[in-house]
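Written below as structure tokens is the structure these notes are about.
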Amino acid sequence: MSNTTRSALITGITGQDGAYLARLLLGKGYEVYGLAPRRSTDTSWRLRELGILDGVHMIDGDLADLSSLIRAMETSRADEVYNLGAQSFVGTSWQQPLLTADVDGTGAIRMLEAVRIVNREAHYYQASTSEMFGLIQADRQDENTPFYPRSPYGVAKVMAHWATVNYRESHGMHASSGILFNHESPLRGIEFVTRKVTHAVASIKLGKQKELRLGNIDSKRDWGFAGDYVEAMWLMTQQPSPDDYVVATGITVSVRDMCKLAFAHVGLNYEDYLVIDPKFMRPAEVDVLLGNPAKAKAKLGWTPHTPIEELVAMMVDADLRRLSA
């Protein structure tokens, strides 16, 4: 590796955001290393789908194991570290609260500690989340809105977020957090509501499925395209000083309206196929999330490019292609 080539370490590289971020960084000439826990099933299909699997160096390691994170830092000689690894499904966090706390909360502290020990000059990015706002304390959430998490996932992410601030202030590290609102793509896991919808729409259109069962379809989210959002992550690590930023579209859409868009894309009426199933209701619901990305726009020069209509169409088309194949 030449002295001019930058190196990046991405935890969670086989997830949606990790795959898009890896593609972005490879396009900028980085050496890209990904942390791959052996306890997970093979999820490298996303890297294959983007055509970048052979361009990434995979390192065995786990956010539950500090020694492996230290080795990953030493092996990658990372100039930038992106901590995207997590138990990232909110619904599962009620069933596995301790695992979620350990991986998403304490795991972030382990990663920060590994960076501090091996190369505290590395620029660190923490994947924070709009789920930290939970029971919202302001109509539009920005960097100063108080957190009120409503799930074990949100609670764990608040811990990781404040740990990042603490390492920045205590150790002088370039540690930034991106408070990302919901961001989706054709690479989204099928357990997430957007992909569950687009996969069902494609299945129904192709005659492989008869109905779509969902819980609360009146909850509203600020949805953007993951491919746009990873650019904001990279921009944060390029700043002279670390900081925290809300990354969002500033537009809210209900699950109902998202269903309407997806079914309409294939010429169907969502009301003919949608079934409300109480088993998909959450113990504590987050009714509305709406981000204010003004700071990211002003300081990073970042804006989202992909409207919700285009995003939903892209996801439905991708599921139609997969299911037809």
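Derivation of every value follows stated rules applied to the coordinates shown; laboratory data play no part. Treat the numbers as computed from the prediction; the structure is a model and nothing was measured. Every residue, glycine as well, gets a Cβ built from its backbone with ideal geometry; the counts of neighbours run over all protein chains shown.
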What's the angle, to the nearest 10 degrees (0 to 90), between helix 66-76's Cα axis and the longest principal axis of the chain? 80
Using the Cα centre as the reference, give the magnitude of the dipole from point charges on the C-beta atoms of the chain (Lys, Arg: +1; Asp, Glu: -1; all else neutral), rounded to the nearest 20 debye. 400
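Compute the length gained on full extension between ASP272 and SER67: take 0.36 nm times their separation in residues and subtract their Cα-Cα distance, giving the result in nm to one decimal.
Working: separation 205, 0.36 × 205 = 73.80 nm, distance 5.35 nm.
Gain on stretching ASP272 to SER67: 68.4 nm.
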At q = 0.13, 0.17 Å⁻¹, base-10 log of I(q)/I(0) for the range 169-226 (Debye sum, equal scatterers on each alpha carbon): -0.49, -0.69
Over the chain, with a Gaussian network built from C-alpha contacts below 10 Å, which listed residue (PRO97, PRO278, PRO307) shows the highest mean-square fluctuation? PRO278
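Based on the alpha-carbon gyration tensor of the range 1-140 and its eigenvalue square roots a ≥ b ≥ c, which shape applies: rounded if a/c is under 1.5, prolate if not and a/b is larger than b/c, or oblate? Intermediate values should be presented prior to the final figure.
Details: a/c = 1.56, a/b = 1.43, b/c = 1.10.
In terms of gyration-tensor shape, prolate.
Scanning the chain for trypsin sites (Lys or Arg not before Pro) in DSSP loops with at most 12 other Cβ atoms within 10 Å, what's the longest stretch left with none?
Numbers: sites that count: LYS28, ARG38, ARG39, LYS208, LYS210.
It runs 40-207.
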If you take the charge dipole of the range 277-325 about its Cα centre, with +1 on Lys and Arg Cβ and -1 on Asp and Glu Cβ, which of ALA294, PHE280, ALA318 is farthest toward its positive end? ALA294
Using only the Cα atoms of the range 84-151, build the gyration tensor, take square roots of its eigenvalues as a ≥ b ≥ c, and label the shape rounded, prolate or oblate: rounded if a/c is under 1.5, else prolate if a/b is larger than b/c, else oblate. oblate
Angle between the chain longest axis and helix 16-27 axis [Cα atoms, degrees, rounded to 10]: 50
Residue-averaged [θ]222 nm for the chain, counting only DSSP H segments that reach four residues, each worth -39500 (n - 2.57): -12000 deg cm²/dmol
Please report the antiparallel percentage of DSSP beta bridges with both residues in the chain, rounded to the nearest 5. 5
Nearest-ten-degree value, helix 308-324 long axis tilted from longest Cα axis of the chain: 80
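Greater than 21 Å separation of Cα atoms is the criterion. Which listed pairs, LYS196/LYS260; LYS196/LYS279; LYS157/LYS279; LYS205/LYS260; LYS210/LYS260; LYS196/LYS220, meet it? Don't skip to the end; give the middle numbers.
On the way: LYS196/LYS260 14 Å; LYS196/LYS279 15 Å; LYS157/LYS279 25 Å; LYS205/LYS260 14 Å; LYS210/LYS260 16 Å; LYS196/LYS220 16 Å.
Distance filter (> 21 Å) returns LYS157/LYS279.
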Rounded, prolate or oblate: which fits the range 242-307, taking a ≥ b ≥ c as square roots of the Cα gyration tensor eigenvalues, rounded meaning a/c under 1.5, else prolate when a/b beats b/c? oblate
